[in-house]
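Taking it in order: structure first as structure tokens, then the write-up.
Read the figures in this text as sums done on the coordinates, not as results from a lab. Given the structure is predicted, the values throughout are model-derived calculations rather than measurements. Using ideal geometry, Cβ is built from the backbone for each residue, glycine included, and neighbour counts are taken over all protein chains shown.
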2 protein chains.
Amino acid sequence: MADIPGPAFFIGKGDDTLISFGSGQPDMPPPRQAFDILKTYSAFKYGLIQGEVSLLTELAKEYPGSRPEDFVVTNGASEAIDLVLRVIARPKGKVLLPRPYYYSYPHNVHFAGMTPVYYDLEKGKINFETFKEALEGCSAVMINSPSNPTGTVQEVETLKQIEKLCEEKGTYVISDEVYKDIIYVRENYLLHGPRVVTVNSFSKTYGMCGLRVGYVYSQNKKLIEDIIEMKTHTAMNTSTVGQMMALAALRSPKSYIAHNLETWKTRRDLMFNGMKELGLDLWSPEGAFYVLPKFKNSTQAMSDLYHTHKVITYDGAWFGAPGRLRFSYALDEQKIIEGLRRVREFLGREYASYS
Amino acid sequence: MADIPGPAFFIGKGDDTLISFGSGQPDMPPPRQAFDILKTYSAFKYGLIQGEVSLLTELAKEYPGSRPEDFVVTNGASEAIDLVLRVIARPKGKVLLPRPYYYSYPHNVHFAGMTPVYYDLEKGKINFETFKEALEGCSAVMINSPSNPTGTVQEVETLKQIEKLCEEKGTYVISDEVYKDIIYVRENYLLHGPRVVTVNSFSKTYGMCGLRVGYVYSQNKKLIEDIIEMKTHTAMNTSTVGQMMALAALRSPKSYIAHNLETWKTRRDLMFNGMKELGLDLWSPEGAFYVLPKFKNSTQAMSDLYHTHKVITYDGAWFGAPGRLRFSYALDEQKIIEGLRRVREFLGREYASYS
């Protein structure tokens, strides 16, 4: 049945006749300043494992109350999460994950030798009582707001309750905030606390997915030291040329982010309204660039949409949400319109089976 | 006593009055072609997890009998080793390491949830009988020829015996050949076999340490698939810009490597003869760019050399060889001469304590 085994199947499939709602990466390029630095780039030696001092210093300006030494620059948020989990891993440790979840999380937890424990989001939101009950016996919890794949943003009140509870219990909170600069409904709320580990990257905010620059931010000195120690042996410094591109992006005018946010809003409206018109059942998109509408037989629907209509979507089952399809709207308006047209045609023919 | 906790202590210490025999990285820049590609570089999207097809294709040309799909491009050899060990890790698994060893190996084994087992090299060489005995009960073995930190190269006959034994026993052979293009005594011998996993990088051959591009090569299809699957969640693609620099380096004239080898030979002779003149006891340097002479109280000697003579060396104890100091000769001739002068002065004053 699953002729398409996972998201990696679609990577590199760039045929012009395809409409891809698949990949979760911005199609808008990084600020031109990021490429400008390449013209005179000449460094080749090892850098500090923690990251280039200039980049650490610039990052500290982004987080009030932080210091350069509170950060470690990583090979994207992926390595950041991997390192954090490996460093805090304890035998028989359990890590609490929301469901739907970003598809790598359960793998990351397993790879660190721990066990994932799940609680279900309600319409994409955390119910604090459910969370609290599920937290029992867990040594860490992952929070992802805005969320991939739900496109929802958690309530500030809930996040504060989680902070308080986890501080009391001594539970690590790994807050994956890679979509923090793509929120439509409010400012980002940065989770705080002695056990909070913030993970972020340059991939979504600055369109630098393939360049792999992310970071960990924590005020827990021991944790940062342990991450540096591990990274010394498992990867060494993050690519110095990528770091310099990230630094240039960070120093570029903030209007870049604001301008992109306007583009994301336009696309979101187009996508959300288009899906409502198709009669699909989905949550209001509050952040990131995903919607997760219900689709009966989602695995089959994904496969059929790809093979018969050349539309790429991701099976909700990959994110712990069978019966839904994830649509990324990281593509231009004309393609969104054409993609929705194809989905309409697909549903018109097969409506009874899929929605 | 150990006021200098490890090699990372010295990273970034670039004071002009220092002579550093510490860091194991070429001071000769990559081929200019690697920087040339930056002038028009504009890609920013995710790449294939396995690596850019153009780079995989070029790598396959370097290894007779290989195919592009036999490689995975990684964040340096460090990530390559980490991924291989994690993928083959079994509960209570043991990995056989030579002693002296590259200082990351025991950490890599522990981080993968396995236990290192050691056998001692004899004058920097593998005694096959010792190896065979120590291999009992191990699921993998690491081979590092030419070796960091010993500077020795293993006999081809021994390597073939190891191939045969490990194939019979079904033991993985992880062959770290990052110094394969810096051998003074013969051509490199590429280890072969269904259980052999070759690890290499662009760091030493092409002076690209900070750019972090390495790779795994194996004809074991399942192993390659497992590595790609793990890397999908722990790091995603290796920096695309680094990969394009590596590709340009690989396509540059091979005279670059030959020319650098001549430079390494000159430095090796200077270093080896200088050390012999100082009366130091060391093995003949056959490859890589290290010597590992005996130094009594090596931890104290390293500290004193740094604090009193501004000479950086690495304590042999970090490599499982207490009572020796590792000198890298990855620095220009004038600095080697000045460094040796300072060591002579140091020994003249403190000779009784250190040699």
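A count restricted to the range B:155-187 and to residues that are in a loop (DSSP other than H, G, I, E, B), more than 14 Å from the chain's Cα centre (by Cα) and under 18 Å from B:Gly124 (Cα atoms) stands at 4. If the condition is being within 23 Å of the chain's Cα centre (by Cα) and without any contact (Cβ under 8 Å) to a residue 12 or more places away in the chain, then the range A:231-254 contributes only A:Lys254.
Only a single item in (1) over 30 Å from A:Phe346 (Cα atoms); (2) touching a Lys or Arg at 6+ places or on another chain (Cβ under 7 Å); (3) in contact (Cβ under 8 Å) with a residue 60 or more places away in the chain; (4) not basic (Lys, Arg) is not met by A:Leu261, and it is number (2). Of all the residues that make up the range A:10-46, how many are over 19 Å from the mean Cα position of the chain (by Cα) and within 25 Å of B:Ile227 (Cβ to Cβ)? The number of residues fulfilling the criteria is 4. Of all residues in the range B:45-73, those satisfying the criterion of being under 18 Å from B:Ala248 (Cα atoms) and without any contact (Cβ under 8 Å) to a residue 12 or more places away in the chain are B:Thr57, B:Ala60, B:Lys61. Of these, A:Gly279, A:Gly242, A:Gly274, which one is assigned to a loop (DSSP other than H, G, I, E, B) and of a type in the set (Gly, Ala, Ser)? Exactly one residue qualifies, and that residue is A:Gly279. For first residues located in the range B:97-125 and free of Cβ contacts under 8 Å to residues at least 60 places away in the same chain, partners that are aliphatic (A, V, I, L, M) and assigned to a loop (DSSP other than H, G, I, E, B) and lie 6+ apart or on another chain with Cβ distances below 7 Å form the pairs B:Pro98/B:Leu121; B:Pro98/B:Ile126; B:Ala112/B:Ala89; B:Gly113/B:Ala89; B:Met114/B:Ala89. Just one of the listed residues (B:Leu56, B:Leu85) is among the aliphatic types (A, V, I, L, M), within 17 Å of B:Ser201 (Cβ to Cβ), touching a Pro at 6+ places or on another chain (Cβ under 6 Å) and within 14 Å of chain A (Cβ to nearest Cβ), and it is B:Leu56.
Which one is nearest to A:Gly214 (Cα to Cα), of the residues in the range B:212-230 that are at the interface with another protein chain (Cβ under 9 Å from one of its Cβ atoms), in a helix (DSSP H, G or I) and in contact (Cβ under 8 Å) with a residue 40 or more places away in the chain? For the range B:212-230, the residue satisfying everything is B:Met230.
Residue by residue, here is whether (1) part of a helix (DSSP H, G or I); (2) buried (at least 16 other Cβ atoms within 10 Å of the Cβ); (3) at positive phi holds:
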{"site": "B:Tyr46", "(1), (2), (3)": "no, yes, no"}
{"site": "B:Pro64", "(1), (2), (3)": "no, no, no"}
{"site": "B:Ala77", "(1), (2), (3)": "yes, yes, no"}
{"site": "B:Pro116", "(1), (2), (3)": "no, yes, no"}
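Screening B:Gln25 against (1) more than 8 Å from every other protein chain (Cβ to nearest Cβ); (2) crowded, with 17+ Cβ neighbours inside 10 Å leaves a single unmet condition, (1). Does B:Ser104 qualify as being within 14 Å of another protein chain (Cβ to nearest Cβ) and under 20 Å from B:Thr198 (Cα atoms)? In short, yes.
Every residue, every condition in (1) within 29 Å of B:Glu79 (Cα to Cα); (2) within 14 Å of chain A (Cβ to nearest Cβ), yes or no:
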{"residue": "B:Thr240", "(1), (2)": "yes, yes"}
{"residue": "B:Met244", "(1), (2)": "yes, yes"}
{"residue": "B:Leu261", "(1), (2)": "yes, no"}
{"residue": "B:Met271", "(1), (2)": "no, no"}
{"residue": "B:Met275", "(1), (2)": "no, no"}
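When B:Met302, B:Met275 are checked against the criterion of being surrounded by fewer than 24 Cβ atoms within 10 Å (Cβ to Cβ) and under 24 Å from the mean Cα position of the chain (by Cα), B:Met275 stands alone in meeting it.
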